Amino acid sequence: MTDSVHNNDVATTGNTDVIVIGAGLSGLVTATELTAAGKRVVLLDQEPAASLGGQAWWSFGGLFLVGSPEQRRLKVRDSAELAFSDWLGSAQFDPGAERGEGPDRFGYRWAQGFVEFAAGDLRPWLHAKGVRWFPLVQWAERGGYPAGGHGNSVPRFHVTWGTGPAVVEPFVAAAHAANKAGLLDLRFRHRVTSLVVTDGRVTGVRAEILADDDAGRGEPSSRAVTGEVELSAQAVVVASGGIGANHDLARARWSADAGSLPGRMLSGVPDSTDGLMLGVAADSGAALVHEDRMWHYPEGIANHSPVWTQHGIRILPGPSSLWLDADGNRLPGPLFPGFDALGALQHVTTRGDDHSWFVLNKTIMEKEFALSGSEQNPDLTGKSVPLLLERVRGRSVPVRTFAEQSDEFLWADTPAELAAKMNALTAATPGSRGSVDGEALAALVAARDAQVATGLGKDPQVVATAAARHFIVDKAIRVSPPRALTDPQDGPLLAVRLSVLTRKTLGGLWCDETGRALTPDGEVLEGLWAVGEAAGFGGGGAHGHRALEGTFLGGCLFTGRTTGRALAASL
């Protein structure tokens, strides 16, 4: 695949059916669906060739599947009806969406379609492409609310064997094959700055050609401009992702009802996730909806070996750690680790804090901590059974590395000593806001331990943790046996400072049920389509206000396939 423009002058080229902007997963799926139908496609991306596959390559590879063989082998009873009920309880779409009314009407339709896809074609479609899954299905976003509220009623998070790279690989291979067949022209280092609109229809793009750069995958690359080009096509697809790396934009769009995103945050996505194309599309008449809906995480830790700016990693916790705010108070139920990520985040931001804490011990860390991302899971990413056995034994190398190298992992023999180290890390003056009182922390730990010692207990987190061990996977690899935090065999104690980690945009370009972009009055903006995160993973907001996890990669796959096929049929 080669870039056909190499000079510093403005050039104009045509002779293509579709321009796809963004070579991440949704862009690759869209492009390869189009080329499979015999359409000619130009695929543009502002990054170097090393970053082909975008954010998806860095992901844990988790997919939301419903009624899968993996679930059935674990005796998990699931159905599309139950999954959609969970989705609606989490999404909390605006009134009227189910009747085809209001700004959520298309998001609702995409949600329906996605759940049907997750219960139907998704697994066999990927399986035919060689994708396989780790057999132990994980239980993400447990919710903890009454029936009808947020959360997954059953485990649905299927980790791809090979993680994110294994999800991306079939589509990269298909792209190379389409290029060899003369149907796909992939042009790196092209940053689209405007859309060409002719008589009310999008007919092409204008792009800057960026200087060649040998930056590795995910690393920041040069923005030096060496030329410009104008390309024309019958249709343009925006597949450029969201705004996760643009912290200023995320802060500006964060809902005032949930306080403020802090000044100090980490990024869970590379610098190129800048939201540029959303503004470009809006300038051309496309409508943006639900810009204040985002999916960031409160459990971020700074990467000890960063790739991109402010690179953070998310802790994927089991349910046993105490979750404390900046003052050392427990977060209210059901904001337990692994239950309601957005609820916990909004608790932090409403308080005006920039951090919270997990308090646990060494045994809980070894049993319950996992880390997000393909690079933090060499056993699954590398398909290594020996490394996987080390994880099962509680000897995860990436977790141990953070425990040894990160200054955000604090070890102590007593709660008082731990509190002193917590205050030292945040430079908090004892007794001031944001400081943790040692005596209060000791009392909190003692109260929790007394509940565990009963064998039953009334503490909601203790009860929920015990219930989790009824699921065979949780008991085997995710949830520690119920023991006191101060039990000598499990020490020492550990506190981990958690920071806000930016990640996903849940709103985006407003689109109809096939992915055609809409204007603010709900009319189709002819010639413009959107997929993936740029489309709010379908219709401008298929997740509503909350996500169920495993639905981001799945949303890229679903929107790319659906829109690619619909667009191909329309040409």
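Quick look at the numbers
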item: Cα→Cβ-extended label distance, 7 Å offset, between Glu81 and Thr198, nm; result: 5.2 nm
item: Percent RCO, i.e. relative contact order, over segment 106-206, from Cα pairs under 8 Å lying at least 6 residues apart; result: 16 percent
item: Percent of beta bridges antiparallel (DSSP, the chain, rounded to nearest 5); result: 70 percent
item: Pairs from Lys129/Lys475; Lys129/Lys504; Lys39/Lys504; Lys180/Lys383; Lys362/Lys475; Lys180/Lys504 whose Cα-Cα separation, in the structure shown, is over 23 Å; result: Lys129/Lys475; Lys129/Lys504; Lys39/Lys504; Lys180/Lys383; Lys180/Lys504
item: Pairwise FRET efficiency - Ala36 versus Glu404, Cβ, R0 = 41 Å, nearest 0.05; result: 0.30
item: Length added when fully stretched, Glu523-Glu101, from 0.36 nm per residue minus Cα-Cα; result: 150.5 nm
item: Viscosity 1.567 mPa s, 4 °C: Kirkwood-radius Stokes-Einstein D of segment 447-512 over Cα pairs, µm²/s; result: 86 µm²/s
item: Distribution of pairwise C-alpha distances over segment 237-298, 10 Å bins, in %; result: 20, 54, 24, 3
item: Burial order of peptide ranges 450-461, 533-544, 17-28, 107-118 (average beta-carbon count within 10 Å, highest first); result: 533-544, 17-28, 107-118, 450-461
item: Placed amide H near Thr203: partners under 5 Å, 5+ positions off or other chain; result: Val196, Val197, Thr198
item: Order by protection proxy (mean Cβ within 10 Å, highest first), peptides 414-421, 230-237; result: 230-237, 414-421
item: Segment 271-390, relative contact order [Cα under 8 Å, separation at least 6], %; result: 23 percent
item: Computed [θ] at 222 nm, helices only, for the chain once each DSSP H run of length n ≥ 4 contributes -39500 (n - 2.57); result: -9500 deg cm²/dmol
item: Compactness of the chain - radius of gyration and Dmax, Cα, Å; result: 23.7, 76
item: Rounded to 10°, Cα long-axis angle of helix 551-570 versus longest principal axis of the chain; result: 10 degrees
item: Relative packing of 389-397, 334-342, 471-479, which averages over residues the other C-beta atoms within 10 Å, highest first; result: 334-342, 471-479, 389-397
item: 11 Å reach of a label modelled at Ile472, 7 Å along Cα-to-Cβ, counting backbone N of segment 133-162; result: 136-137
item: Bins of 10 Å from zero: percent of alpha-carbon pairs in segment 339-484; result: 9, 30, 39, 19, 2
item: Long-range tail of P(r) for segment 67-183 (Cα pairs > 25 Å, %); result: 37 percent
item: Length-normalised contact order of the chain in % [C-alpha pairs under 8 Å, at least 6 apart]; result: 23 percent
item: Descending semi-axes in whole angstrom, ellipsoid equivalent of segment 448-571, from the Cα gyration tensor; result: 48, 15, 13
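None of the figures in this text is laboratory data; all of them are computed from the coordinates on show. Owing to the predicted nature of the structure, the values given are computational and were not obtained by experimental measurement. Every residue, glycine among them, receives a Cβ derived from its backbone with ideal geometry; neighbour counts consider all protein chains shown.
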